[in-house]
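K.L.:
Here's a structure for you.
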Amino acid sequence: MADLPFALEPALGDALVRALDVEGKIPRALDALGPIVGRDVVLVGGGPLENRRLADAAARLTNVDALRPNGGGNWPLPDGQADAVVAAWSGFRGIVGAELAETERVLRPGGRVLIVHDYGRDDVSRLRGDLPEYSAWSRRDGPFLSAGFRIRVIHCFWTFDSPETARSFVSSAFGEVGKAFAATLNRPRLSYNVAVYHRTRRGERPKA
């Protein structure tokens with residue numbers, strides 16, 4: 001799981017890593033939908049922070065790179081080794097048939113696919129503009145729900161030390177749009193909603 005939903009210069013990236021989901025709602029949701037605690041987990045495109053978070057949850061991790069967007073290739077993993085495949089932001093940019101087939105190959109019967117992406121309807125989406133994450137991806141006819149995934153929306157925050165720190169960050173990270181937003185920001189956090197798209201390996205009954 002990439003540590004951040006988009007690329008930033010190093011100093012700003014470090015600031016966002018510290019601010020993003022300090023309540024730990026995302027890893028708790030992954031365990032509720034997985035579970036992942038004490039399980040064999042394949043982490044797709046994981047960054048250092050998410051590796052540490054899942055390791056702290058006693059997940060037995062195997063790291064792999066995201067597959068190429070045009071399909072083809074496979075992970076150097078045996079069949080049926082994982083209880084869950086977890087990815088966020090950098091992996092599963094929509095659903096590619098070959099990518100999903102490879103995911104199901106490495107899962108055990110009843111294994112879970114857990115994919116985190118931005119959902120929108122929040123402060124962060126006002127800064128980032130029009131993205132497929134905020135519209136097409138969460139629709140019934142979108143790439144995830146039409147492929148048998150369900151969706152759980154997690155209401156998170158980017159939490160900073162003070163309103164001044166929050167205003168400084170968004171102004172630096174998002175240019176003129178960020179400066180305009182910062183002028184209206186009177187609290188030290190921004191609302192941030194993520195979607196966890198989840199599905200049981202095909203042929204098994206999905207969890208509620």
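K.L.:
Among Arg152, Arg187, Arg167, Arg199, which is more than 18 Å from Ile26 (Cα to Cα) and outside any helix (DSSP H, G or I)?
P.N.:
Arg187
K.L.:
Right, another one. Going by what's in this entry, would Thr103 be described as under 24 Å from Arg150 (Cβ atoms) and of a type outside the set (Asp, Glu)?
P.N.:
Yes; evaluated as a whole, the condition is true for this residue.
K.L.:
Continuing with this model, one more query. Could you list, in sequence order, the residues of segment 118-155 that are within 14 Å of the chain's Cα centre (by Cα), at pLDDT 95 or above and within 24 Å of Ala82 (Cα to Cα)?
P.N.:
Of everything in segment 118-155, those that are within 14 Å of the chain's Cα centre (by Cα), at pLDDT 95 or above and within 24 Å of Ala82 (Cα to Cα) turn out to be Ile151, Arg152.
K.L.:
Does Gly38 satisfy the criteria of being at pLDDT 90 or above and either in contact with a helix residue (DSSP H, G or I) (Cβ under 6 Å, 6 or more places away or on another chain) or loosely packed, with under 15 Cβ neighbours inside 10 Å (or both)?
P.N.:
When the stated conditions are applied, Gly38 passes them.
K.L.:
Something else about it: So, of the residues in segment 1-31 that are outside any loop (DSSP other than H, G, I, E, B) and over 15 Å from the mean Cα position of the chain (by Cα), which turns out to be farthest from Ser162 (Cα to Cα)?
P.N.:
Pro10
K.L.:
Is one or more of the residues making up segment 173-183 assigned to a loop (DSSP other than H, G, I, E, B) and under 17 Å from the mean Cα position of the chain (by Cα)?
P.N.:
Within segment 173-183 (the criterion being assigned to a loop (DSSP other than H, G, I, E, B) and under 17 Å from the mean Cα position of the chain (by Cα)), the answer is no, since none of the residues qualifies.
K.L.:
Still on this structure, I have one more. Among the residues of segment 97-146, which ones are among the small types (Gly, Ala, Ser), touching a helix residue (DSSP H, G or I) at 6+ places or on another chain (Cβ under 9 Å) and part of a loop (DSSP other than H, G, I, E, B)?
P.N.:
Gly120, Gly129, Gly142
K.L.:
On to the next question. Which of the residues belonging to segment 104-138 are surrounded by 17 or more Cβ atoms within 10 Å (Cβ to Cβ), among the aliphatic types (A, V, I, L, M) and closer than 30 Å to Lys179 by Cα?
P.N.:
Correct list: Val116, Val124, Leu127.
K.L.:
Another one. Out of Leu61, Leu49, Leu43, which single residue is out of contact with any Lys or Arg (no Cβ under 9 Å at 6 or more places or on another chain) and free of Cβ contacts under 8 Å to residues at least 40 places away in the same chain?
P.N.:
Every option except Leu61 fails the conditions.
K.L.:
Restricted to segment 65-92, and to residues that are surrounded by 15 or more Cβ atoms within 10 Å (Cβ to Cβ) and touching a Phe, Trp or Tyr at 6+ places or on another chain (Cβ under 9 Å), which residue is modelled with the highest pLDDT?
P.N.:
Among residues in segment 65-92 that are surrounded by 15 or more Cβ atoms within 10 Å (Cβ to Cβ) and touching a Phe, Trp or Tyr at 6+ places or on another chain (Cβ under 9 Å), the one modelled with the highest pLDDT is Trp89.
The values are calculated or read from the model by the stated rules, or taken from the named source; none is laboratory data. Keep in mind that this is a model prediction, so the values were computed, not measured. FYI the Cβ positions are ideal-geometry reconstructions off the backbone, even for glycines, and counts take in every protein chain you see.
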